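Bear in mind that the values in this text are calculations on the coordinates, not laboratory data. On a predicted model such as this, the values are computed, not experimentally measured, just so you know. Note that we place each Cβ from the backbone using ideal geometry, even for glycine, and neighbour counts take in every protein chain shown.
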Amino acid sequence: MLSFILRRFVSMIVTLWLIITLTFFLMHAAPGNPFEKEGKGLPDAVAANLNAFYNLDKPLIVQYGLYLQNLVKFDLGPSIANSSDSVNKIIARGFPVSFQLGLVAILFAIVTGIALGVVAALRHNRLIDYVAMVIAVIGISVPSFVLASLLIKYLAVEWKLFPTATWGTWQHVVLPALALAFSPIAIIARLTRTNMLEVLTAEYIETARAKGLSPATIVFKHALRNAILPVVTLLGALIANILTGSFVIEKIFAIPGMGKYFVAGINNRDYSVIMGTTVFYSTLLIFMMFVVDVLYSIIDPRIKFHGKEREG
Amino acid sequence: MEKLLEVDGLQVAFKTHGGPIQAVRGVSFTLHKGETIAIVGESGCGKSVTAKSIMRLIPEHIGKIVGGKMLFQGKDLAQLPEKEMREMRGSQISMIFQDAMTSLNPTISIGEQIMEGIIRHQKVPRSEAKRQATEILQLVGIANPESRLKQYLHQFSGGMRQRIMIAIALVCKPAILIADEPTTALDVTIQAQIIELFQTIQRKTGVSIIMITHDLGVVAKIADRVNVMYAGKVVESGPVREIFYNPQHPYTKGLLSSMPRLDADRNIPLSPIPGTPPDLFAPPAGCAFAARCEYALEVCRAHQPEETQLGSKHVVSCWLQDPRAKKLTTAQQSPTGT
């Protein structure tokens, strides 16, 4: 177990380094710079001073080295567009908001998705199964920003059930979380249903019935555990899906989360904000993947961190 | 001997797109206390369906008991509400399946799979369930039961897995143990061990066993009485010695002679029963075996044979037993019949 975590940790660091390097050079390869907007350049002397302040006058490889040096100290540097703000501060401000939204969306997606999938499988080929699967197809095919607009139009503007936008109370979380969670719900529901249908015909389910166990015990203890394994595998990708989706959704709902700063950072060519948010999100995602792997082996004891525990 | 289970005229049909398929067409047998009966026959003859029907394990939307009675403890299992049937399963009647690898849950520890039945039926605390689980693992011959309880299916060998299945089935001390081909998926050496385990357990607990198998070697070793099934019916039944030494139904004879023998000349090919079992969507009007039977008479194709009592317990359903038919031994010399 320990050696597994160590090995994973090293590979996580390597992955992160690759992401940092790629983003850094791609970002600098794009034409333009933070101080140049729509062709209107700054006076040369001012530009030279600014460049010197942000180390932009040094060769790219030196900038890269300096960036890594600061990164090791967890210093993501000052924001270029707004020099009074450091990237660390921006993240500290934006992330709690995004985290709340993401967490609500993910939990909602997992619970609703699995519930829908299980119900559909248990009522296979009956009305509720068809209804659930139609919802799933809609969820997979409708992009979250379209859904977000519809939610705002009906639930917020016409029926006035929830606030249209911005952030603050729990009511503000509902609509964006719903918009974010909808397609993951659909994916999880379909996957759960398919696996559940397969698992329910497994012989160990018959054994469980032969023990006289109640249908509820059979479904939740014996079937669900085996049926959600593939869902757990998918979880890593779904979390990524929700994270990236949140950039758009935060923009639509005017939520002061990470997405807002990320998008603004790109528009302003704010190098340190782009790098900082990318590094931060990459770290988060890589860590999530690791958590999913550990989770996987907890649910399915056959998956071990090292393959030597078999006996004959 | 005390009668424990009386199956009388059991009929089971499966729903399919092509119409109902009559898998079991009137099976009757009696199981006494402490005895082992075998149900033998080739694949698709309805032996497993019979077993699962006693447990009422066939889901309603797939297949149904359409006739017959199954009397157990004064109750007809065929009519018992599902809730009462659940109380029976695992506590009064238990079942062992063919392949323990797929019949046990891979993601739940062995201990939990044994204990959940105990907790379900005896309503005892976990510590007591654990004690019983340890005890039963010891009984089925698994060393270090305490530490083994925490392990998972993939950490056991094939023979051990089958022992665990047996432990799960026996842990609530059922009156009847139904074993559906319990040795088919095992190596021959392990088969012998498992069969011996059945015998040991029966001696210790007095459980009655219904052994479903197509392996006549297993039957000879363990069964007191044998029911030979063909196309959803019992065609011959009797004490094991009678069936092996004095088979009266041509199908039973065919089964016995198709079994390879150690002392036979290896140049003589095995003698299989030619042909295939009948289509159970539309079972034949007469004897189902007539089409493959080398002794078949005209009456065989048109009418179902009646049961004929031979000796005190030997029963056979075959037209050759009719006084007007030729005897099996004489018929053998002129297989064309009348």
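Write out the GluC sites (Glu not before Pro) in segment B:28-126 meeting two conditions: DSSP loop, and at most 15 other Cβ atoms within 10 Å of their Cβ.
B:GLU60
Just to check I understand the Karplus step: with θ = phi - 60° and J = 6.51 cos²θ - 1.76 cosθ + 1.60, what whole-Hz values come out for segment A:218-224, glycine and proline as x?
Result, ordered by residue: 4, 5, 7, 8, 8, 8, 4 Hz.
Calculate, for A:PHE25 and A:ALA115, the FRET efficiency according to 1/(1 + (r/R0)^6) with r their C-beta to C-beta distance and R0 56 Å; round to the nearest 0.05.
0.80
Given H placed 1.01 Å from N in the peptide plane, which residues other than close sequence neighbours of B:VAL24 have an amide H under 5 Å from its amide H?
B:VAL12
Mind checking which helices in chain A clear 15 Å along their axis (Cα) and have mean Kyte-Doolittle hydropathy of 1.6 or more, DSSP H runs only?
Within chain A the helices that satisfy the rule are A:2-29, A:87-122, A:127-141, A:229-252, A:271-299.
Which residue, A:GLY212, A:VAL291, A:PHE253, has the largest displacement toward the positive end of the dipole of segment A:87-311 when charges sit on each Cβ (Lys, Arg +1; Asp, Glu -1)?
Checked the options; the winner is A:PHE253.
Mind putting a number on the dipole of the protein assembly as shown about its Cα centre? Charges go on the C-beta only, +1 for Lys and Arg and -1 for Asp and Glu, and I need it in Debye to the nearest 20.
760 debye
How high is the relative contact order of segment B:100-179, in percent, with contacts defined as C-alpha pairs under 8 Å that are six or more residues apart?
Worked out over segment B:100-179, it gives 43 percent.
I'd like the mean, over residues of B:108-121, of how many other protein chain beta carbons sit within 10 Å of each residue's own Cβ.
3
Under a point spin-label approximation (7 Å from Cα along Cα-to-Cβ), what is the A:ASN70-A:SER11 distance to one decimal in nm?
It works out to 3.2 nm between the two label points.
Could you state the angle between the C-alpha long axis of helix B:126-139 and the longest principal axis of the C-alpha atoms of chain B, as a value from 0 to 90 degrees rounded to the nearest 10?
Its long axis makes an angle of about 50 degrees.
If you count, for each residue, the other Cβ atoms within 10 Å and average over each peptide, how do A:175-182, B:318-325 line up from highest to lowest?
A:175-182, B:318-325
Mind checking the mean number of beta-carbon atoms from other chains within 10 Å of the Cβ atoms in B:100-106?
Partner Cβ neighbours, averaged per residue: 6.
Only Lys, Arg, Asp and Glu count, each charged at its Cβ (+1, +1, -1, -1), so figure out the dipole size of chain B about its Cα centre, rounded to 20 debye.
That gives chain B a dipole magnitude of about 520 debye.
Answer rounded, prolate or oblate for segment A:87-311, using the Cα gyration tensor with square roots of eigenvalues a ≥ b ≥ c: rounded when a/c is under 1.5, else prolate when a/b is larger than b/c, else oblate.
Oblate.
Long-range amide H contacts for B:VAL235: which residues qualify at under 5 Å (H placed 1.01 Å from N, peptide plane, sequence gap of 5 or more or a different chain)?
B:VAL228, B:MET229, B:TYR230
Considering amide H positions built from the backbone, and no H for Pro or chain starts, which residues 5 or more places from B:THR36, or on another chain, come under 5 Å of its amide H?
The answer is B:ILE209, B:ASP224, B:ARG225.
Under the definition of partner shielding as Cβ atoms of other protein chains within 10 Å of a residue Cβ, what is the mean value for peptide A:199-205?
Rounded to a whole number, the mean comes out at 4.
Could you work out the longest stretch of chain A that avoids the GluC sites (Glu not before Pro) located in DSSP loops with at most 10 other Cβ atoms within 10 Å?
It runs A:39-310.
By per-residue mean of other Cβ atoms within 10 Å, what is the highest-first order of A:22-31, A:127-136, A:86-95, A:251-260?
Averaged packing, sorted descending, gives the order A:251-260, A:86-95, A:127-136, A:22-31.
Full-extension gain between B:ASP8 and B:ILE62, please, as 0.36 nm times their residue separation minus the C-alpha to C-alpha distance.
My answer for the length gained is 17.2 nm.
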